[in-house]
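Here the structure is laid out as structure tokens; the discussion comes afterwards.
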Amino acid sequence: TAQLNETLKGKLTIEDMDPTLIRGFPGIAISLNNVLLRDSLWEVHKNDLLKAKHIYVSVNAWSVIKGAPKIRDVNISEAFIYLFVDSTGYSNANIFKLKENPDTASKGKKTQPRINHLTLTNVDFTLENLSKKKHFHFGIVEVAGEIHYNDSGWRANVTLNTLVKQFAFNTDNGSFIKDKKLKADLDFGFNKRTRQLTIPSQEIDVNGDDIDFAATFNLHDTAKTYKIALTVDAIKFGEARSMVSPNIQSKLRSIDFEEEIEVKAQISGSLEKRGDPLVHVAWKVEDNVMTTPGGKITECNMAGSFTNAANPAMGQNDRNSLIQVPRLTGKWNDIAFTADSAKVLDLIDPLISAHVSSKFPLKKI
């Protein structure tokens, strides 16, 4: 503990430490109890970076002897992890900017410990950036990961079971997938040269709906950006609506569909700048019943799209949002009709335009 505190910009305290010889055999294993990690400005903000009831660590004994420690297992349970950036840009993660040791640096290349298996059980995890108005909060039931290292970086497989409490790219507009259960078995990798974390397309379970998920996070010092792609072949409209942020939900409450629809979405933006992410959504409806303020549209078929950046120069916001439906067919009060070029521009003061055509006996009206 004394050696670690010499290198951290903060303070680590461990109430108790026990060897767990049988569990770690033939390696070296210890159980740490009531672990507390605080950065150097804790007295100012009073937020613990890590408060864990139990941390189990298993290390390959031979790797320690060779001077290249390999941590076989790390298990953190009954813990709170809170990473934050305050309104001035200060982050409590600065504790990990290790103080340089001249004696170690002079020996040339340093070997970082490598973790092979990481497990989080019953962990409350928060990542909050007050200066950028971003807030991510997860109630982790269990996350179990296996990590493999190579020359270019590392690859990992992670099984996760968590409750998404907050997933807000802009706290002014609220959270995406708020209070949704998320389960997945994800493969992803990190390239240390490009500083890119890539999650290839794979299936995740969000509140019982199977969604195809892919993401890229660019973590280079010059630009930190992200891009998330979601595809679901069949989902209830109400469930899909509940996954977006409240400012978008409020514009969609007046419509609904009786049967499932197909949806594709892309969300992208900066991890550093304030403001809404760029959102593109496309949907497809086949032989459905659409409920609108003007009544039901039966035998409804259409494809449409939404963007919150109709004019790229005006940024991402409700004023600059556009809904487009190139073609819609259906029946209203048993009157068949076709609509094309339908548009809704500006979700604050909507301007609606459409071309509608129909052929029917006058007595129908």
Task: Residues being more than 21 Å from VAL143 (Cβ to Cβ) and of a type outside the set (Lys, Arg) - total across region 60-89 - done: 14
Task: Within region 1-47, tally of residues that are of a type in the set (Ser, Thr, Tyr) and at pLDDT below 75 - done: 3
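Does region 199-209 contain at least one residue that is farther than 28 Å from ASP349 by Cα, over 16 Å from the mean Cα position of the chain (by Cα), modelled with pLDDT under 95 and not small (Gly, Ala, Ser)?
Yes, region 199-209 contains at least one residue that is farther than 28 Å from ASP349 by Cα, over 16 Å from the mean Cα position of the chain (by Cα), modelled with pLDDT under 95 and not small (Gly, Ala, Ser).
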Task: Complete set of residues in region 176-194 that are part of a strand (DSSP E or B) and among the acidic types (Asp, Glu) - done: ASP185, ASP187
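Listed residues SER305, SER357, SER353; which is among the hydroxyl-bearing types (Ser, Thr, Tyr), under 19 Å from THR231 (Cα atoms), at pLDDT 90 or above and assigned to a strand (DSSP E or B)?
Working: SER357 fails: under 19 Å from THR231 (Cα atoms); SER353 fails: under 19 Å from THR231 (Cα atoms).
After applying the criteria, what remains is SER305.
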Open item on the list: I want to confirm something. Restricting to region 225-242 and keeping residues that are in contact (Cβ under 8 Å) with a residue 40 or more places away in the chain and β-branched (Val, Ile, Thr), which single residue is farthest from ILE261 (Cα to Cα)?
Closed with: THR225
Task: Where a residue in region 340-365 is without any contact (Cβ under 8 Å) to a residue 40 or more places away in the chain and its partner, wherever it lies, is acidic (Asp, Glu) and open to solvent by 80 Å² or more (accessible area, probe 1.4 Å), with Cβ under 8 Å and at least six apart - done: LYS364/ASP334
TODO: Residue by residue through region 242-262, note down the ones that are hydrophobic (A, V, I, L, M, F, W, C) and within 17 Å of LEU322 (Cβ to Cβ).
DONE: VAL244, ILE248, LEU252, ILE255
- [ ] Would you be able to say whether some residue in region 167-182 is farther than 26 Å from TYR90 by Cα and more than 15 Å from the chain's Cα centre (by Cα)?
- [x] no
Open item on the list: Just checking, does region 268-283 include any residue being open to solvent by 60 Å² or more (accessible area, probe 1.4 Å), under 20 Å from ILE177 (Cβ atoms) and of a type in the set (S, T, N, Q)?
Closed with: no
Task: Qualifying residue in region 151-169 (condition: at negative phi, part of a loop (DSSP other than H, G, I, E, B) and surrounded by fewer than 16 Cβ atoms within 10 Å (Cβ to Cβ)) - done: yes
Open item on the list: Let me spell it out: the conditions are (1) farther than 25 Å from GLU272 by Cα; (2) touching a strand residue (DSSP E or B) at 6+ places or on another chain (Cβ under 9 Å); (3) open to solvent by 40 Å² or more (accessible area, probe 1.4 Å), and ILE204 meets all of them except one. Which number is the exception?
Closed with: (3)
TODO: Provide a single number: the residues in region 287-314 that are of a type outside the set (Gly, Ala, Ser) and within 26 Å of the chain's Cα centre (by Cα).
DONE: 5
Open item on the list: So, in region 290-313, exactly how many residues are open to solvent by 30 Å² or more (accessible area, probe 1.4 Å) and more than 30 Å from ASN129 (Cα to Cα)?
Closed with: 10
Open item on the list: Given the criterion of a type in the set (D, E, K, R) and modelled with pLDDT of 85 or more, identify the matching residue among ASP124, ASP103.
Closed with: ASP124
- [ ] Filter region 338-350 down to the residues that are open to solvent by less than 40 Å² (accessible area, probe 1.4 Å) and modelled with pLDDT under 95, then identify the one that is nearest to the chain's Cα centre (by Cα).
- [x] LEU347
Task: Residue among LEU362, LEU271 that alone is under 36 Å from the mean Cα position of the chain (by Cα) and either among the β-branched types (Val, Ile, Thr) or at pLDDT below 90 (or both) - done: LEU271
- [ ] Of all residues in region 67-88, count the ones that are assigned to a loop (DSSP other than H, G, I, E, B) and modelled with pLDDT of 85 or more.
- [x] 3
- [ ] Specify the residue that is farthest from LYS296 (Cα to Cα); the eligible residues are those in region 235-267 that are open to solvent by less than 50 Å² (accessible area, probe 1.4 Å) and assigned to a strand (DSSP E or B).
- [x] ILE267
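The values are calculated or read from the model by the stated rules, or taken from the named source; none is laboratory data. Keep in mind the model is a prediction, meaning the values are calculated, not measured. Ideal geometry is used to build each Cβ from the backbone, glycine not excepted, and the neighbour counts take in all protein chains shown. Each accessible area value is taken on the protein alone, full model and side chains, heavy atoms only, with ligands, DNA and RNA left out. Shrake-Rupley method; radii C 1.70, N 1.55, O 1.52, S 1.80 Å.
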